[in-house]
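The structure appears below as structure tokens.
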Amino acid sequence: MKTASQEQWMYHISLDSRAAFKEMFECYYAALCVYARRFVKQTDVSEDIVQDVFCAVWMNRHRIDYRIPAKNYLTAAVRNHCLNYLRSNCHVTFDDLSRSENIPCAEHPDSVWMLDELEKLLADALAKLPPEYRIAFELSHMEERPVSEIAKVMNVSIRTVERYRNKALEILKTELKDYFPLVIFMLGGKW
């Protein structure tokens with residue numbers, strides 16, 4: 001059960017609401033890790049940076065301007081922490097960062113997706129698949145049914161199910177691009 005609307009999370013956190021903080025963490029943690037990986041290529045470092053940002057939010061909760069939307073605040077904080085990490089640990093200057101093609105162009109807060117937005121993206125991408133690909137993918141990855149059972153349900157061979165499933169993955173990787181790793185995480189990472 002949600003304790004506060006997303007627009008009010010920062011306000012409730014400023015009033016020491018652990019429940020609002022937990023909801024915000026659960027909503028944004030995975031997406032912010034993917035966002036941080038665009039700057040810092042090591043998964044463990046990017047996860048540490050995101051955790052540091054959440055710790056800083058909690059430690060500074062009474063000083064943070066709660067009128068700033070959580071999504072905007074967190075995105076900016078993660079980006080700044082990543083840039084500080086790169087500058088101090090990789091001997092990179094801000095001039096180097098501004099010229100680098102490896103730094104993501106998506107610095108806008110809307111580039112960080114919430115779980116419900118990712119679910120909609122996935123649903124839209126699945127709707128575009130041929131029916132047999134979609135069914136094989138959903139039964140395999142969302143319902144976690146064994147290939148042999150899917151073959152019986154679809155009345156096709158096991159090899160055909162595997163082919164449908166693989167083709168669906170190829171199409172989804174292209175369709176979802178940068179957010180495919182987060183979709184994998186969202187579905188439990190069982191591929």
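The values are calculated or read from the model by the stated rules, or taken from the named source; none is laboratory data. Only a predicted model underlies this, so the values are computations on that prediction, with no experimental measurement involved. Here the Cβ positions follow ideal geometry from the backbone for every residue, glycine too, while neighbour counts run over all protein chains shown. Heads up: the accessible areas ignore ligands, DNA and RNA and are worked out on the full protein's heavy atoms, side chains in. Shrake-Rupley method; radii C 1.70, N 1.55, O 1.52, S 1.80 Å.
Among 58-68, 134-144, how do they line up from the highest to the lowest mean number of other beta-carbon atoms within 10 Å?
Values: 58-68: 12.2, 134-144: 17.9.
Averaged packing, sorted descending, gives the order 134-144, 58-68.
When the residues Thr174, Thr160, Thr43, Thr75 are ordered by accessible surface, computed with a 1.4 Å probe over the protein chains alone, the sequence from largest down reads Thr174, Thr43, Thr160, Thr75.
For segment 12-66, the solvent-accessible area works out to 51 Å² per residue, with a probe of 1.4 Å and every protein chain left in place. Once the C-beta distance of Glu143 and Glu26 is scaled by a Förster radius of 30 Å, the resulting FRET efficiency is 0.80 to the nearest 0.05.
Taking the protein heavy atoms of segment 1-86 in the context of the full set of protein chains, the accessible area attributed to carbon and sulfur is 53 percent at 1.4 Å. Cβ-Cβ distance of Arg18 and Gln42, R₀ of 30 Å, FRET efficiency by 1/(1 + (r/R0)^6): the value works out to about 0.50.
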